[in-house]
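See structure below.
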Number of protein chains: 2
Amino acid sequence: MTYRAPLDDILFALRLAAGDGAIKPGGIYADLAEGVAEQTLTEAAKFAEGSLLPLDKIGDSVGAAYANGAVTTPPGWREAYAQWKEGGWNAIAAAQDYGGPDLPALLNAGCTEIWNAANMAFALCPLLGHGAIEAIEAHASEELKEAYLHKIVSGEWTATMNLTEPGAGSDLGLMRMRAERAADGSYRLFGQKIFITYGEHDLAPNILHLALARLPDAPAGTRGISLFLAPKFLPDETGAFTRRNDLRCGGIEHKLGIHGSPTCTMIYGDEGGAVAYLVGEENKGLACMFTMMNNARLAVGLQGVALAERATQAALAYARERKQGRAPGAGETSAIVEHPDVARMLLTMASFTAAARAICFETAAAIDRAKRDGDGAAQERAGLLTPVAKAFSSDIANEATSLAVQVFGGMGYIEETGVAQLLRDARICAIYEGTNGIQAIDLVTRKLRATDGAALKREMEDMRAIAREADSSQAALGDAVEALALASDYLIRAEPAAALAGATPYLRLFALARGATLLMKGARRASAEGDAKAARYAALARFFIDNVAVAAPGLARSVCEGAGSVNEAQAALGE
Amino acid sequence: MTYRAPLDDILFALRLAAGDGAIKPGGIYADLAEGVAEQTLTEAAKFAEGSLLPLDKIGDSVGAAYANGAVTTPPGWREAYAQWKEGGWNAIAAAQDYGGPDLPALLNAGCTEIWNAANMAFALCPLLGHGAIEAIEAHASEELKEAYLHKIVSGEWTATMNLTEPGAGSDLGLMRMRAERAADGSYRLFGQKIFITYGEHDLAPNILHLALARLPDAPAGTRGISLFLAPKFLPDETGAFTRRNDLRCGGIEHKLGIHGSPTCTMIYGDEGGAVAYLVGEENKGLACMFTMMNNARLAVGLQGVALAERATQAALAYARERKQGRAPGAGETSAIVEHPDVARMLLTMASFTAAARAICFETAAAIDRAKRDGDGAAQERAGLLTPVAKAFSSDIANEATSLAVQVFGGMGYIEETGVAQLLRDARICAIYEGTNGIQAIDLVTRKLRATDGAALKREMEDMRAIAREADSSQAALGDAVEALALASDYLIRAEPAAALAGATPYLRLFALARGATLLMKGARRASAEGDAKAARYAALARFFIDNVAVAAPGLARSVCEGAGSVNEAQAALGE
């Protein structure tokens, strides 16, 4: 199945999110001036299309294999990983102190989309490594950084996140994995983790596990969780990493999708305890882990954008080729792209993708501004937008990949054509790194109310300014923004049960209003700049406003008037 | 994974659709009086839960297997089919003249839901057989009926529908399979069909293929298609069916779901031509096939209801058991069913299922009234509701099974728990027997306009009468009905390109208004009758109105104002 990285769309969205005058000497994106973004994305596209894409299907059909504690990745993946590492792609946003090129989160977002579109199961390994890099950089001792950070920045070794246990998924406070203090200042880990992505594999000679565990004297709940680093191989007396640590993979899951990515059960401390080092302070592990989680949440949003883009390209290519029936006014059999109902599906997919990309890139730009300019408002904005970027993008990935199957018809239901794989792969994005329900709850219970709603207020002002410029034929844009304002006012004052009941429709509403205004802003800019795709951007924005964002007032009604029926009917469910 | 046939819900929906006073001596459902419906459904549930459900997972994991032209069904399926046949379940709505019990379509609908919830891949074989039975009964010669009908009614033999070819899916006019007249009045078939469900298998000793083909002198397009019956085995000189016909299975597809159901490529006439008999008149095959298709479309809707019901039950059972986090006001860790956001997912699934069931059963009741009373208005109503029943039910099956995966979280993504299978199995329903896009186009271009919109007018009057009785807290019900009225008025007058662009949101809008009014009607009836589940029905109806049907005005806006942007943006897609 074909995929070409949509370089012009990505670059356009990147420039829009970067803001006026940012990509030039003196701007916060000075390092992207002189064509650096274009060159980096072009090279990334070459590698993704040439080396990762051809391995995507074999990853699905062969999958990762487990035997006797070892995991074998699909044929060709080891070689591709070696190229990946040598190409310097592993961690382009990592700090220069540890061998990274320190490129902005925004450019990293563009690359992340491209890697995941070509081969999500492969790209997932470094994706989670990025979170580990950030957590170690922010919280680990200098000694740990010196020993480990260079190697996971370069990709020589990989890193994992160990959070989930059978009894502790969304609720990490229920975690039971045990840590004990050792005499030498290190720790020993005992227990089991599940759903550990790339917990074991054959791509790299060592794997660093970041794991949450509980000390014997720790307080109950989330305030008693500490973060540890436990390498698969420990240094021997010569300093070479040859000593096998007391941790192992007990098996991998048989999953709906991302078959190439091994999802491992990890067993710690069967033989006296896995040696581990504290990251950050004792009992402050959750905060450290959230450094990883926020990074990973935006990255999962980008996976959603990636699969939606790839599904759109696949469906469009098929729809241009497949001939059935006569479109209105056609004299002979038409390509199905000419049928208005098929066009509606394709436009839904394309406009979903563009809106989700715009939201993710805005989030990445806010992260850059917070980091590079120490801008507190940008930090708050990144917090507000991250759950929307993660949940909306993964929701629309489910919808877009399912629509791609629908456009292919019967051919979509057979595995041969590859679109069914996209649907299966995409389905995890709404679940991992905090389910989309958790994202919605984070949005309404924390992010909306943070600093007295200042971030929301700024966001609303920006959306209203864009909507005010809309002409009278685009009333639906203003209606969407005002529906969001109404629902936001309601939620800020609502009782917890009512706010929680409205969380999911509210997040969707937020994304529709924010997505529609960003598409409109982009369309205006493209027109003003005489962009070659200006007509296309305008058409997509109009389609999104008239056919997708029109759902906004209904969602606001569900938020403001629907909670009562949720709470009331809940009683009927408990029976 | 657990499934209990929801007998009370099915019986309640059945009585509601049957209408007042119909299930008693003298009523059109006199044959259901004295507990016949209850007994039949209870026995069906026993068989489904005891014999079909346990084979569902092995059907998925082992699948049907192909070798050298033969297809082996999964372990245990042959024995289950033998029991199915002996139990008399194969065709309970078939005419008594041919050995059927002639029970109403409405009761058959209840049973169809139950079979498909327990094991959709298995139930698909007789489901398609029902269509073949109707087509042969309505169109075949007495001779053909005598020779074949008893055996496919009893289930001794099975029957298939052969429509699709590589170049002819939604557009049957492009069909190329060739038929030639033979000297003895029979015909010979040559060519290839694809996607033939149970085209070959080991459940029965003979398979009757109903196939569409084109005679040498036939007009082009759909007016040149004839329907033929081609048995796998032909009678020898003793009358025993031992002579292998010149048709064979060339392979089966590797599909996203329904793995137990073999999807066959069928090759006709490699060795001189497959012997076939004309059904109906030459070149009138499409009309005959539509007899099968309409039946099958409602049945596919019921498959959607079935999988949505099963997914709801699975998610609810898991949500009652799984403990994570504290719900509002809870002192300790709560079952996740108590979290409002999870409750919203479960209520969405449950109310979707109830609404889709109500629409499907109304359709079945209209079929019964048309057949038993010769009621022309009921015939028109069945025509109007069939595309809605098929498309809405299969759409919500996709949504409900995906929500079930979401409620299960990470456990939903691994195949072990079985909910991922429901998602994969359900995905075909929106595609086969006419894609949901084809259903929507059928609705807006034919069914809405039929007999000057008389059927729509009667449907609107019924919905308005129900909405008028709503109290002021239920304004969303009236708004949904009026949104439908608005969109209907627009579509009846719209240009073809605009009507086609609005077809899919219109079908959804129709289903939301019709579903909401039926749920409200049912809730009132349950309350008036003091039904034990009256509070639950009221809560589900209210939830559906306040949280699902609130999308209606937005959909109407998309229908009435969105077509321009579809048609305009289509140009951008063609590039």
Does B:ALA476 fit the bill of being open to solvent by 30 Å² or more (accessible area, probe 1.4 Å), among the hydrophobic types (A, V, I, L, M, F, W, C), within 10 Å of chain A (Cβ to nearest Cβ) and farther than 23 Å from B:ALA378 by Cβ? no
If A:THR160 passes every condition in (1) β-branched (Val, Ile, Thr); (2) touching a Pro at 6+ places or on another chain (Cβ under 8 Å); (3) away from chain B (no Cβ under 14 Å) but one, which one does it miss? (2)
With respect to B:GLU461, is the statement that it is in a helix (DSSP H, G or I) and within 11 Å of another protein chain (Cβ to nearest Cβ) true? no
Quickly run through the stretch A:102-120 and pick out the residues that are in a loop (DSSP other than H, G, I, E, B) and either within 15 Å of the chain's Cα centre (by Cα) or farther than 16 Å from A:GLU38 by Cα (or both). A:ASP102
Look at the stretch A:274-311 and say how many of its residues are open to solvent by 10 Å² or more (accessible area, probe 1.4 Å) and farther than 21 Å from A:GLN421 by Cα. 17
Matching option when the condition is away from chain B (no Cβ under 14 Å), under 30 Å from A:ALA94 (Cα atoms) and of a type outside the set (S, T, N, Q), among A:GLY374, A:GLY453, A:GLY434: A:GLY374
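Could we say that A:GLY325 is open to solvent by 10 Å² or more (accessible area, probe 1.4 Å) and in contact with a His (Cβ under 8 Å, 6 or more places away or on another chain) here?
Considered against the rule, which asks whether it is open to solvent by 10 Å² or more (accessible area, probe 1.4 Å) and in contact with a His (Cβ under 8 Å, 6 or more places away or on another chain), A:GLY325 comes out as yes.
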Being among the β-branched types (Val, Ile, Thr) and crowded, with 21+ Cβ neighbours inside 10 Å, is that true of even one residue in the stretch B:483-503? no
In this structure, is A:ASP368 open to solvent by less than 10 Å² (accessible area, probe 1.4 Å), at pLDDT 95 or above, among the acidic types (Asp, Glu) and closer than 30 Å to A:THR435 by Cβ? yes
Scan the stretch A:140-178 residue by residue and report those that are in contact with a Gly (Cβ under 8 Å, 6 or more places away or on another chain), in a helix (DSSP H, G or I) and surrounded by fewer than 22 Cβ atoms within 10 Å (Cβ to Cβ). A:HIS150, A:SER154, A:GLY173, A:LEU174
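Please pick out the residue among A:GLU575, A:GLU529, A:GLU568 that is more than 7 Å from every other protein chain (Cβ to nearest Cβ), surrounded by fewer than 19 Cβ atoms within 10 Å (Cβ to Cβ) and modelled with pLDDT under 95.
Answer to the check: A:GLU575.
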Quick one: which residue in A:ARG369, A:ARG320 is within 23 Å of A:PRO6 (Cβ to Cβ), of a type in the set (D, E, K, R) and not assigned by TED's automatic domain parsing to the domain that holds A:LEU448? A:ARG320
B:GLU43: under 30 Å from B:LEU278 (Cα atoms), surrounded by fewer than 20 Cβ atoms within 10 Å (Cβ to Cβ) and over 19 Å from the mean Cα position of the chain (by Cα), yes or no? no
Exactly one condition in (1) small (Gly, Ala, Ser); (2) open to solvent by 10 Å² or more (accessible area, probe 1.4 Å); (3) modelled with pLDDT of 95 or more is false for A:ALA426; which is it? (2)
Looking only at the stretch A:427-453, how many residues end up being assigned to a helix (DSSP H, G or I) and of a type in the set (A, V, I, L, M)? 6
Residue under evaluation A:GLU433, criteria (1) at negative phi; (2) among the charged types (D, E, K, R); (3) buried (at least 24 other Cβ atoms within 10 Å of the Cβ), criterion not met: (1)
Mind counting the residues in the stretch A:84-101 that are touching a helix residue (DSSP H, G or I) at 6+ places or on another chain (Cβ under 6 Å) and in contact (Cβ under 8 Å) with a residue 60 or more places away in the chain? 2
Quick one: which residue in A:GLU459, A:GLU495 is of a type in the set (D, E, K, R), assigned by TED's automatic domain parsing to the domain that holds A:ARG446, out of contact with any strand residue (DSSP E or B) (no Cβ under 7 Å at 6 or more places or on another chain) and at pLDDT 95 or above? A:GLU459
When you check A:ALA314 against the structure, is it more than 7 Å from chain B (Cβ to nearest Cβ), part of a helix (DSSP H, G or I) and open to solvent by less than 10 Å² (accessible area, probe 1.4 Å), yes or no? yes
Could you grab me the full set of residues in the stretch B:535-554 that are among the hydrophobic types (A, V, I, L, M, F, W, C) and either farther than 18 Å from B:THR348 by Cα or facing another protein chain (nearest Cβ under 7 Å) (or both)? B:ALA535, B:ALA539, B:LEU540, B:PHE543, B:VAL550, B:ALA551
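Among the residues of the stretch A:555-565 satisfying the criterion of being open to solvent by less than 30 Å² (accessible area, probe 1.4 Å), more than 7 Å from every other protein chain (Cβ to nearest Cβ) and at pLDDT 95 or above, which is nearest to A:ALA476 (Cα to Cα)?
A:ALA556
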Take the stretch B:320-349 and flag every residue that is under 25 Å from B:ASP395 (Cβ atoms) and more than 8 Å from chain A (Cβ to nearest Cβ). B:THR348, B:MET349
Would a scan of the stretch A:51-67 turn up a residue that is buried (at least 24 other Cβ atoms within 10 Å of the Cβ) and farther than 20 Å from A:ALA204 by Cα? no
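The values are calculated or read from the model by the stated rules, or taken from the named source; none is laboratory data. Keep in mind that this is a model prediction, so the values were computed, not measured. Here the Cβ is made from the backbone with ideal geometry for all residues, glycine too, and neighbour counts use every protein chain on show. Quick note on the areas: whole protein, heavy atoms, side chains included, nothing else; ligands and nucleic acids left out. Shrake-Rupley method; radii C 1.70, N 1.55, O 1.52, S 1.80 Å.
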